[in-house]
Amino acid sequence: MVILITGASHTGKTLLAQKMLERYRYPYLSLDHLKMGLIRSGNTPLRPQDDGALTAYLWPIVREMVKTVIENRQSLIVEGCYVPFDWRKDFDPRCQSEIRFVCLAMSDAYLETRFDQIREHASDVEARLDDSDCTLSRLKADNRAVIEGFGRCGETVALMDSDSDYEGTITSLLQAHGAAADPRAVWNRRR
């Protein structure tokens with residue numbers, strides 16, 4: 001079973017992955033860690049801010065890792081921004097049935113009323129060394145692109161809007177995917 005968590009920046013992907021790791025005891029792959037390992041080792045000339053190029057560079061590697069995990073009947077949580085909108089085209093139906101997809105995004109209204117809180121909690125799970133690019137306008141644009149892009153490909157986006165409670169959203173995602181004693185029983189239903 002592979003749990004694929006993606007979404008816009010600062011939406012809590014890493015927090016959700018950490019909670020799922022604790023609950024299910026599945027290994028966890030951070031795409032940010034993979035990205036930084038490849039950049040720092042000199043295996044790519046790309047820079048951390050090269051988002052589009054990083055998706056094109058990282059996704060083929062991640063895609064084949066996911067296929068290997070499924071072929072070996074193992075479990076893995078994969079978390080990060082570098083998942084293309086049309087990711088399903090890379091997997092046959094059997095593989096898709098073993099992948100649970102979660103996409104997190106925030107509405108403009110949510111961001112406008114909670115921007116200071118989002119900034120305050122940006123390093124709760126992992127330290128952000130440079131978060132200077134976290135501006136309200138950038139987060140709005142990123143979230144809109146995620147909502148539109150994944151929506152265009154028919155994916156469900158867990159959208160936090162003006163009436164949403166952040167912790168409640170994360171808790172409901174955990175409960176929706178973990179109500180049964182055997183997580184596979186719940187995860188086998190496509191969202």
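The values are calculated or read from the model by the stated rules, or taken from the named source; none is laboratory data. Predicted model only: the values in this text are computed from it and were never measured. Backbone-built Cβ (ideal geometry, glycine too); neighbour counts: all protein chains shown. Accessible surface is based on the protein model in full, side chains and every heavy atom, while ligands, DNA and RNA are left aside. Shrake-Rupley method; radii C 1.70, N 1.55, O 1.52, S 1.80 Å.
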Check: Running Debye on the range 1-96 with equal point scatterers at the Cα sites and no solvent, what base-10 log of I(q)/I(0) appears at q = 0.16 Å⁻¹?
Finding: -0.68
Notebook entry, point to check: Net charge near M20, counting Lys/Arg +1 and Asp/Glu -1 over other residues with Cβ under 12 Å of its Cβ?
Noted result: +3
Item checked: Overall dimensions of the chain by Cα: Rg and Dmax, Å -> 16.1, 45
Check: Order of 49-62, 4-17 by packing, highest average Cβ count within 10 Å first?
Finding: 4-17, 49-62
Notebook entry, point to check: Rounded if a/c is under 1.5, else prolate if a/b beats b/c, else oblate: with a ≥ b ≥ c from the C-alpha gyration tensor eigenvalues square-rooted, which is the range 40-109?
Noted result: oblate
Notebook entry, point to check: When the solvent-accessible surface of protein heavy atoms is calculated with a 1.4 angstrom probe, in what order do R47, R73, R63 fall, highest first?
Noted result: R73, R47, R63
Item checked: Residues whose placed amide H lies under 5 Å from that of R100, excluding near-sequence neighbours -> V2, I3, L4
Notebook entry, point to check: Can you give the calculated 222 nm mean residue ellipticity of the chain, where each DSSP H run of n ≥ 4 adds -39,500 (n - 2.57) and the sum is split over every residue, rounded to the nearest 500 deg cm²/dmol?
Noted result: -15000 deg cm²/dmol
Item checked: Full-stretch length increase - T113, L46 - with 0.36 nm per residue and alpha-carbon distance subtracted -> 20.7 nm
Notebook entry, point to check: Could you give the dipole magnitude of the chain about its Cα centre, charging the beta-carbon of Lys and Arg +1 and that of Asp and Glu -1, in debye to the nearest 20?
Noted result: 780
